[in-house]
Each structure stands twice: as structure tokens, then as C-alpha cells.
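What follows is a single structure, written as C-alpha cells, with notes after it.
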Amino acid sequence: KLVLKRKINFTEKINNIFKWADEFNLDNFKIIRQRGVFLETKPLFDFSDSNITYIPDELFEVRRDLFLVSFANNQITTIPRLINLARDCNALLFCNNKIEVLPKELFQLVELESLYLHNNRLTLIPIEISKLSNLKTLSISNNDIKEFPIEITQLKKLESLDIENTLIEKLPVE
């Protein structure tokens, strides 16, 4: 019975993802559902320009192998806490949304190399940013960030940092 219950819960999660896709008229999911290959698709999802207002937790519960995910140019206000389940994620694009706060779980994605957060409503980059030791690209431009997080200086692999059009007036001396 335990195996059957897990199967039902998993099926419910997939169905919730498809309901979400229907709600926002995500055509690429309609094709995936028709072919019945949701779990066989490449771990690259592009949800850009879809007028999405939220992201279901089930997306990260069911697809933990996501490599690149783009939610650019939507109306998203929060990043799901279960994003930490996408442990192999290499690139996240949350630019051009309405995100105000970054969940601490985001900083558990230690394989992350690119993080695009420009054009949101962020006022703070948490100190946990230093946990993203593989980060090479960070874009936080066009946000209301006032203080440069000194923890960014601990990111030894960082090659590109965009802080243009923020409220940051002073960079750390380190």
C-alpha cells in the first residue's frame, strides 16, 4: 500500500503541474503531456514570457534534475522554497519579475553557475550568497539594493557581476 500511495502522490504532483501549465497556457507542456514524456524531457525548461504569477512546488519535487530554468519576463513574486531540490541546476533566470525576497533555500544550489535576478524588486542580497561557490555570473541590476553584500567577495569563481542601476553607492574595500 505504501508503494501505491507514493505512486498516487507522484501522479497528483504531475497533474498539479499540468493544471498550472493549463492555467498559464504553457504550450510546451501541452506537447509534453500529449506524448506522455514529462519525465523524459531534457532538464531545460523555458517559461519566459508566459505571464506566470507563481511557480508550483511540485515542479521541483518531480523534476529534481533541472539543469537550466528560465522564468524571465513574468509576474512572479516569490521563488518556491523547494527550489533547493533542483540540486544540479546550473543556471536560473528570474529576471524581469516582481520578486522582493530571495528564499534561503536558493543558496543551497551549490552547482549554480549563473543567476539572473535583474529587474525585480529586491532590496537585499542575503549573506548566504557566499554558499554559491561555483557562481560565475550574477546579475542584480535594476533592483533597489542599497548595500553591496560583502559576501559576494567570497565568490572566487565569479567572473561577471552586474550591479548597474541599483542604489549601491559604495563598494567594499576588500
Check: What pairs come up if the first residue lies in segment 109-131 and is more than 21 Å from GLU164 (Cβ to Cβ), the second is open to solvent by 40 Å² or more (accessible area, probe 1.4 Å) and polar (S, T, N, Q), and their beta carbons are under 8 Å apart, counting only those six or more places apart or on different chains?
Finding: VAL110/SER133; SER130/GLN154; LYS131/GLN108
Margin query: Checking the conditions here, which among LEU26, LEU39 is over 24 Å from LEU161 (Cβ atoms), open to solvent by less than 30 Å² (accessible area, probe 1.4 Å), more than 10 Å from the chain's Cα centre (by Cα) and modelled with pLDDT under 90?
Written below: LEU26
Margin query: Can you tell me which of (1) under 19 Å from SER48 (Cβ atoms); (2) hydroxyl-bearing (Ser, Thr, Tyr); (3) in a helix (DSSP H, G or I) is the one SER130 doesn't meet?
Written below: (1)
Next item on the list: Considering only residues that are among the hydrophobic types (A, V, I, L, M, F, W, C) and under 19 Å from LEU102 (Cα atoms), look in segment 163-174 and name the one that is most open to solvent (accessible area, probe 1.4 Å).
Entry: LEU167
Next item on the list: Output the residue which, of all residues in segment 124-162 that are touching a Ser or Thr at 6+ places or on another chain (Cβ under 8 Å) and of a type in the set (Gly, Ala, Ser), is surrounded by the fewest Cβ atoms within 10 Å (Cβ to Cβ).
Entry: SER160
Next item on the list: Give the residue that is most open to solvent (accessible area, probe 1.4 Å), with candidates limited to residues of segment 94-122 that are basic (Lys, Arg) and in a loop (DSSP other than H, G, I, E, B).
Entry: ARG121
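The values are calculated or read from the model by the stated rules, or taken from the named source; none is laboratory data. Everything numeric in this text was worked out from a predicted model, so none of it was measured. All Cβ positions, even for glycine, are placed from backbone atoms using ideal geometry, and neighbour counts span all protein chains on display. Quick note on the areas: whole protein, heavy atoms, side chains included, nothing else; ligands and nucleic acids left out. Shrake-Rupley method; radii C 1.70, N 1.55, O 1.52, S 1.80 Å.
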